[in-house]
Structures are given as structure tokens and as C-alpha cells.
1. Can you name the number of the only condition in (1) within 17 Å of V106 (Cα to Cα); (2) outside any helix (DSSP H, G or I); (3) at pLDDT 95 or above that S33 fails?
2. In the stretch 166-190, what count of residues is obtained for those that are over 16 Å from V125 (Cα atoms) and open to solvent by 70 Å² or more (accessible area, probe 1.4 Å)?
3. Which residues, taken from the stretch 138-190, are within 19 Å of W110 (Cα to Cα) and over 17 Å from the mean Cα position of the chain (by Cα)?
4. Within the bounds of the stretch 149-172, is there any residue that is at pLDDT below 90, outside any helix (DSSP H, G or I), charged (D, E, K, R) and over 23 Å from E93 (Cα atoms)?
5. Considering the stretch 15-44 alone, what residues qualify as being without any contact (Cβ under 8 Å) to a residue 24 or more places away in the chain, open to solvent by 70 Å² or more (accessible area, probe 1.4 Å) and not aliphatic (A, V, I, L, M)?
6. Looking at (1) in contact (Cβ under 8 Å) with a residue 12 or more places away in the chain; (2) within 20 Å of V111 (Cα to Cα); (3) hydroxyl-bearing (S, T, Y), which one does S52 not meet, given that it meets all the others?
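The values are calculated or read from the model by the stated rules, or taken from the named source; none is laboratory data. Since the model is a prediction, treat every value here as computed from it, not as a measurement. For neighbour counting, all protein chains shown are included, and Cβ atoms are generated from backbone atoms with ideal geometry for every residue, glycine included. With ligands, DNA and RNA removed, areas are computed over all heavy atoms of the protein, side chains included. Shrake-Rupley method; radii C 1.70, N 1.55, O 1.52, S 1.80 Å.
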Amino acid sequence: MGYNLFPVTELDVEKYKALRLTSLKIDPASFSSTYEREIAFTPEIWAQRLASRFKRTFIASVKDEGSISETWVGMISVLGPSELIPATLEPLERAGVGGDWDMYFVAGLWVHPEHRGRGLGTRLVKEGLEWVRTNVDPNSDSEGKRDRMILLLVGNDNASGRALYQKVGFTNLTSMPPGEGNSYMCMKVA
């Protein structure tokens, strides 16, 4: 079974919405949002999620047997420095973490259960890391004096997610106290 990975565009908003809502239904504990919250989003909110050039969402799809269509089965979103909201940064600032970093954040890595165990999560993370390496963000250090760091929150009970992130090179961010049921992990992106 061959999988394709690609960045989603504003033209794909309905397919993205369907995949995101499916992920929230199947694995609600994996997200900081809820199906009930996001099903109420207007079409404009869904479009805004894909419109920013300061974040990127990558999709994993698989071609259906005997068909020309593809089914979306996984995703990852990475937020750049210009996309991060103060509420995301506030706990880090309180702990004195990240002031000398160009900070990126993984939001919403998910692979459909029928397609797990095939390396898609790893491939999606690597796509996100490559975007971080090449992204030009007005809130980042264009002179390269600050490290580019990518952070994420992973559930303390999500052993497979934690193992995936460690395999790719993330480490526990020990200077950050664990949150409610989750912990920060980080990785320097060269």
C-alpha cells in the first residue's frame, strides 16, 4: 500500500475538516480541542486554519484499490513563530524557557488506527521538520543567531506517541513542569 504525503491547501478545506473531525471522534484524548467545539466552526474558521503561511499542515493519503481517488488517513500541523498565540507561549515564558529560541510547535499529529504501525507518523513528523528547516517567518531570527526549536505536548499515557517522537530525535523538555496529563518534548532543528 503506497502512501502520499503533501501539504494541504485552502482548496482542500472540506477534506481537511472531515479528517480533523474524524480524528477528534476517534481519539479525543489526543487533542486539546473537542469534536463538539470544532463541529461548530464556520466555513471561514476552517479556511483560516489553512490560509496562514506561518503554519503548515501535511496530509498522508492512500490510493484506494481500483480507484483513482485517495483517502486521507493522517495529518500533522506545525505552527511557526508568527502563528503562536500568547496562551501557548505563556507557560514556557513563566518557566524561563524559549526566550532565545525561534519556537515552532507541533499541533495535531494523527494517523487513522487502520494505518498505524506503517511509519506514517514518522514520515509526517519528518515533513514537518523539513518545513521548519526551510520556513521563513517574520518573527524568526533571519541571521541564524537563535536555535530553531520545535516543541510539542504529548500525553503522559501516550507511550507509542512518545516513542515515535523520541525515535525522530525529540527529548523531554525537563525545564518545563509536566502539564495536566501531558509533558513537553523538544528538538533542535538544524
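1. Of the numbered conditions (1) within 17 Å of V106 (Cα to Cα); (2) outside any helix (DSSP H, G or I); (3) at pLDDT 95 or above, the odd one out for S33 is (3).
2. Total satisfying the criteria: 5.
3. N156, D157, A159, G181 - these are the residues of the stretch 138-190 that are within 19 Å of W110 (Cα to Cα) and over 17 Å from the mean Cα position of the chain (by Cα).
4. yes
5. If the condition is that a residue be without any contact (Cβ under 8 Å) to a residue 24 or more places away in the chain, open to solvent by 70 Å² or more (accessible area, probe 1.4 Å) and not aliphatic (A, V, I, L, M), then K25, P28, E36, R37, E44 are the ones that fit.
6. Single failed check for S52: (2).
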